[in-house]
1. Mind listing just one residue for me: the one in the range A:611-624 that is over 25 Å from B:T96 (Cβ atoms) and surrounded by 15 or more Cβ atoms within 10 Å (Cβ to Cβ) and, of those, nearest to the other protein chains (Cβ to nearest Cβ)?
2. Do the conditions hold for A:A216, that is, is it closer than 30 Å to A:E405 by Cα, hydrophobic (A, V, I, L, M, F, W, C) and surrounded by fewer than 21 Cβ atoms within 10 Å (Cβ to Cβ)?
3. I need the full set of residues from the range B:129-160 which are facing chain A (nearest Cβ under 9 Å) and touching a strand residue (DSSP E or B) at 6+ places or on another chain (Cβ under 7 Å), in order please.
4. Considering only residues of the range A:51-84 that are among the polar types (S, T, N, Q) and surrounded by 12 or more Cβ atoms within 10 Å (Cβ to Cβ), which is nearest to the chain's Cα centre (by Cα)?
5. Could you grab the pairs with beta carbons closer than 9 Å, sequence gap of 6+ or different chains, first residue in the range B:106-119 and on the phi > 0 side of the Ramachandran plot and more than 7 Å from chain A (Cβ to nearest Cβ), second one of a type outside the set (S, T, N, Q) and outside any loop (DSSP other than H, G, I, E, B)?
6. Could you tell me which of the residues A:T335, A:T400 is over 33 Å from the mean Cα position of the chain (by Cα), surrounded by fewer than 21 Cβ atoms within 10 Å (Cβ to Cβ) and of a type outside the set (K, R)?
7. Between A:R505, A:R437, which is farther than 30 Å from B:M124 by Cβ and modelled with pLDDT of 95 or more?
Amino acid sequence: MLLSYNWLSEYVDLTGISPEDLAERLTFAGIEVEAVHARNTGFTQVVVGHVKEVEPHPNADRLRVCTVDVGEEEPLSIVCGAANVAPGQYVPVALVGARLPGGIKIKRTKLRGVLSEGMICSAQELGIPEKVVAKNQVEGILVLPKTDVGTDVDKLLGLDDYVLELELTPNRADCLSMWGLAYEVAAILDRKLKLEQPPQILPEEKEIPVELILDAKEECPTYAAQIVSGIKIAPSPQWMQNRLMAAGIRPINNVVDITNYVMLEMGQPLHAFDLDKLAEPMIRVRLAHPGETVTTLDGVTRACPEGTLLITDGSKPIAIAGVMGGHNSEVTSKTTTVLLESALFDPGLVRTTSRTLGLRTEASNRFEKGVDPERILLALRRAVQLLVEIAGGTVISRETVEVQEDVEDITIQLRHERLTRLLGVQLKAEEVEEIFRRLRFSVKTVDHGYRVEVPTRRLDITQEVDLIEEVGRLYGYDRIPATLPWGTQSTGGLSKEQRLQRTIRHLMLGLGFSETITYTLTSPEELRKVGRLGQDLPLIRLSLPMSDERTVLRTSLLPHLIQTARYNVHRQQENIALFEMGHVFITQEKQLSKLPEERLELAALITGNREPIHWQGIPSKVDFFMVKGMLEFLFTRLGVEGITYHGTEIEGFHPGRTAEIRLDDRLVGLLGQLHPEVSKAHDLDETYVFQLELLPLFKAAGRKIHFSPLPRYPEVTRDLAIVVDADLPAAEIKETIYSEAGELLKTITVFDLFSGEQIEAGKKSIAFNLVFQHPERTLTDDEVNQLHNKIVSKLETTYGAKLRG
Amino acid sequence: MKQKLQELKEEASQRIAEVNNLRDLQELRVKYLGKKGEIKTLLRGMGKLPPAERPVIGSLANEIQKALEEQIDKKETMIEKELLEQRLIREKLDVTLPGRPLPIGAIHPLRKVIEEIEDIFIGMGFAIAEGPEVEWDKYNFEALNIPKNHPARDMQDSFYITSEILLRTHTSPVQVRTLLEREGQVPVKIICPGKVYRRDDDDATHSHQFMQIEGLVVDRGISVGELKGTLDTFVKRMFGQEVQSRLRPSFFPFTEPSVEMDISCVVCAGKGCRVCKQTGWIEILGAGMVHPRVLQYAGYDAERYTGFAFGMGPDRIAMLKYGIDDIRHFYTNDLRFLRQFQSV
């Protein structure tokens, strides 16, 4: 909503309150002012001139030499390039020495050899936004109404004004009108309010009855109409045009301008139908038939969705109620008689219709937020009055009104104690009453509180707490003392899962991974780039995506991580280590009937070198076991035991370098190298990734730590090198050794692995370091040798292992 | 014999003095003092001496041996010291050469800000509550006093999945879920950080996905005063003790009265700059007293209990705090951007 300072000052005395002051006061009462604009965007010394003569320019086809009377002794000679300049016109003339928006200074100058003593201006040159300039005034110089020459154009066009750009919250529909804002400002400033009630005008001679039939009474509870004839369509008076332009509305003609003006003034949208285009003086309001279409004022033929409310003349639709009038009943330059509509439509219905049609208008905006039912008739009277006064109209019908129910002011009880307790400030009863008096709510003191009558213009106030807010905002929140909550203490803090999430984040950072946050929305194509763990589950789709790139919820964190790596590679980053912790969305349902599972996952990607280059040597390139080591580090720090790795093949991954990660046999993640084809497709070098489902890990994490006494007897170590089949998993050999050795074997470490020339084809040599220890005594060599031999013979019989020398 | 011993001592002493490396010194030790060394060899002829002289010679020989040993030890220490000094000179490093770099991970600025905010509220006794990103319409809107077809829904254009399920447009539904879970118990003191989604075209100041932190306090006797006190404490700890805050009336369907909180501009300290659009103030959060309908929906007696709620945007706060000019940086994850946040 754009609020004209000058217009407002007609209703409320603004003496001593500058536009900036007003903006500040409004903002602190809850009507946020986004900006204050001077309507004159920077011109000076532009006056009304009367074009006396227009001669062709001797040296230029497109230029003309005009003789313009600006009220000085001698008329001015001005060279003008506009095609529409003509003798007899009144035009804005920028005098020598004038400034125009953008810093242009007008000088006495010769244009192609002819003296020019000023400039005739277009609306654009005066800095008037094109969208509010009458259509026939957009091109060429601005033609003004007949005015005394020498008049200041700034004043003539109402540009000596300020406009406050309001950022209204949806509850304050009352502030979508000058009257509503006048009430608000009068309350804020505690000043008098001057609003004139328009008179009722009755037909003088002949009278046409208007037939009103409301078929959809719930959707249209109130309808008022009146007919005015003898209208002469013309531009509306300059003062009205100026106010419309200040409010951001383009002047059209007197009839349309009047309906818009009254809407701005009172907040009630009006519509004028050309009566001659109606079958008869009849208005029938009904719901649209299936498949019914209406061509609206903008020339678009629209299919009316079911439930659309239509205004008809009994035989054809002539408007979509509350949204836009029909083309077939439009007021044109030939119109002489209009039927004026002022009605109330169901806010929800107007909202639905305007959303479904994608047609949002000044009218629909007001109807859907709620208009003051008491102004329906006032607005009709005001428009009729203006049609008579401005457009030469004659009233030829009575006010015809259908009202389902008289709307009354509502009464709300406000308890004083509740008020002071909720605001946290001790107020005197007089202070509270004073605030309601300023708001022009009538208030009576009752036991322990007040009875407040809320006028119909404030539809947002329906209960006690709303009144408390009114008191709070007008009393001023800055006057309420700040305190900290007291009472029962709460402990607060992070839950175990929240704490572990932070732990993981900081461990990953410590391992050199940078944290990313990518979009949840993605596309099936993106998700298909890498295979998914588990079976192929249905994707969760948005019903109305904004773009093809974002149609479904992610089921894996990896695709966007890969995308991010690629983005960075393209920006000369070679060593990339990234992770993301976030939710993926899992469902078994094709069409959601319940909320999906939101699975918290950790995913990481690493490619290039582990460290930056260094003068001491070559940095290490990332490899499978480096990443696995990081995972093992994570699990150890989290205190998760029972993790196993199992080679697997998944689409998008290197078939020989990918492992499922299991926690006590439950699949919890994946570690592997991206398939070289996938890496290549994303311009990535050898790339490793892992992903982990975090909740099962959190459950297993953080087992209780019990101190165990430090060993008092020495460890005995033995190395064991064997040759076995190349594809025998190391983990399996370790398992066998552990179970054969029993409790005395403390640790096994693989310390060497090779195959090649010295080893038979299809075999590998693997060497383990075994550490034995007895808790209660020193182990003898003999004991250890026996154990060692037992292990060796087990490996020989189980795997055909051969001991290496 | 005595003279021979003396001569031997002279000779050895001289040679020891001349020696300049440990190996030669060791040889001298063996040559003169060893089991088959020259002193021992000489003393083997002692049997031929008259018995009276033997003790004299014997003690002289001991004296000489001891003296030589001392001399050798001393010399050895000297040479070792010299060698060490030489080594230390050789080992001199250019300490200005760079150290071996360790890979450094950068925390995401949004997480950094969220953790900071969480910690401030944890310090005030708040717990962290979480809720789903895919939410029921009834929790996202209806329970928050935003019925279907209400104009307030325009404030938050949503991504629907079905007519009843959508991507949450704010973290406020966690309020509702928490209250329902707590079944009328007080005090409730939570904040809920998380991702939210709105149908916005991505540009420098809009993102279809962003972060929000919701807060809720419900107890007996909670008023606008407690709201002011809590949030003012928060902004001072977050942005500095010198920061001022103020409340402006506003509107949210789920709070009544509703306010917005501004803080004095953290860039210009309130003098007026580009960031605060010359006003000296920056809007930082929305808040208000929990609407009685929200409490009633969740089964709380709105007569007995009151509360306040607030919501803020970590994206906006991080942009302010670090002077970031484009919200898309947070979701593009350019390493050159992220690495600017690697320090604590």
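1. A:V622
2. Judged against the criteria, A:A216 is a match.
3. Of everything in the range B:129-160, those that are facing chain A (nearest Cβ under 9 Å) and touching a strand residue (DSSP E or B) at 6+ places or on another chain (Cβ under 7 Å) turn out to be B:E130, B:P132, B:E133, B:V134, B:E135, B:W136, B:F159, B:Y160.
4. A:N84
5. none
6. A:T400
7. When all the criteria are applied, what remains is A:R437.
Listed here are the residues, each with its yes/no results for (1) aromatic (F, W, Y); (2) under 12 Å from A:L423 (Cβ atoms).
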site: A:I461; (1), (2): no, no
site: A:V471; (1), (2): no, yes
site: A:Y475; (1), (2): yes, yes
site: A:A482; (1), (2): no, no
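The values are calculated or read from the model by the stated rules, or taken from the named source; none is laboratory data. Note that the coordinates shown come from a computational prediction; the quantities given were computed from them, not determined experimentally. Note that we place each Cβ from the backbone using ideal geometry, even for glycine, and neighbour counts take in every protein chain shown.
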